[in-house]
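Colleague: Supplied in structure tokens, the structure appears directly below.
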Amino acid sequence: TTSRGSGGSDSHVGERVISQFLTELDGVEELEGVVVLAATNRPDLLDPALLRPGRFDIQVEISLPDRQERKEIFAIGLRNKPLAEGISTDALAEQTEGLSGAELQAICRRAALEAIRAVVARSPDPTTTEGGETKRQPVITQANLEQALKEVRATWGT
């Protein structure tokens, strides 16, 4: 949100929302054992009143994950998923500098969905079994991961 009184076509709605939120937030002081947390990727747009003592007066900046952290995030995001030979979390971490943990997890999810779509598209009945085993299992390929990376960068502009 922007600062109150900054104008704009819907500024009055925004002002009312912020004013009501501040009223509710100030009323929390009477409660014991209550902590209110907030997150934003645009701190420059916060109304200064939100940052006054007793409100959101403690700010913690979370930096983007470094190479080792990205590798670990990929390891978690791809854990227990069928991967094609040669998939390397090291290589993925190297390619994704500047992306957030949420974006890395989105890459893992999108790649897995693409692998499933590929199996469904190839088989009229992906549940058909031969000898008690599924005929076609989805496998996440390098191509799935590269496509997911392109989509995430296009979506979030990174």
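The values are calculated or read from the model by the stated rules, or taken from the named source; none is laboratory data. Keep in mind that what you see is a predicted model, and the values were worked out from it rather than measured. Note: ideal-geometry Cβ built from the backbone for every residue, glycine included; neighbour counts use all protein chains shown. Side chains are part of the model used for accessible areas, which takes the heavy atoms of the whole protein and leaves out ligands, DNA and RNA. Shrake-Rupley method; radii C 1.70, N 1.55, O 1.52, S 1.80 Å.
Colleague: For segment 137-158, give me each residue that is without any contact (Cβ under 8 Å) to a residue 40 or more places away in the chain, hydrophobic (A, V, I, L, M, F, W, C) and either open to solvent by less than 70 Å² (accessible area, probe 1.4 Å) or on the phi > 0 side of the Ramachandran plot (or both).
Modeller: Hit for segment 137-158 is ALA143, nothing else.
Colleague: Please name all residue pairs, on different chains or six or more residues apart, with Cβ atoms under 7 Å, provided the first residue is in segment 105-131 and is of a type in the set (S, T, N, Q) and the second residue is at pLDDT 95 or above and surrounded by 10 or more Cβ atoms within 10 Å (Cβ to Cβ).
Modeller: Sorted first by the residue in segment 105-131, then by its partner, the pairs are GLN105/ILE73; GLN105/GLY77.
Colleague: Report whether or not ASP90 is touching a Lys or Arg at 6+ places or on another chain (Cβ under 9 Å) and open to solvent by 50 Å² or more (accessible area, probe 1.4 Å).
Modeller: Values: touching a Lys or Arg at 6+ places or on another chain (Cβ under 9 Å): yes; open to solvent by 50 Å² or more (accessible area, probe 1.4 Å): yes.
So ASP90 passes the test.
Colleague: Restricting to segment 1-29, name every residue that is modelled with pLDDT of 70 or more and either touching a Cys at 6+ places or on another chain (Cβ under 7 Å) or acidic (Asp, Glu) (or both). So that I can check it myself, show each step before the final result.
Modeller: Just the residues of segment 1-29 that are modelled with pLDDT of 70 or more, to begin with: 12-27.
Answer for segment 1-29, where residues must be modelled with pLDDT of 70 or more and either touching a Cys at 6+ places or on another chain (Cβ under 7 Å) or acidic (Asp, Glu) (or both): GLU15, GLU24, ASP26.
Colleague: Looking only at segment 46-92, which residues are within 28 Å of VAL34 (Cβ to Cβ) and aromatic (Phe, Trp, Tyr)?
Modeller: PHE56
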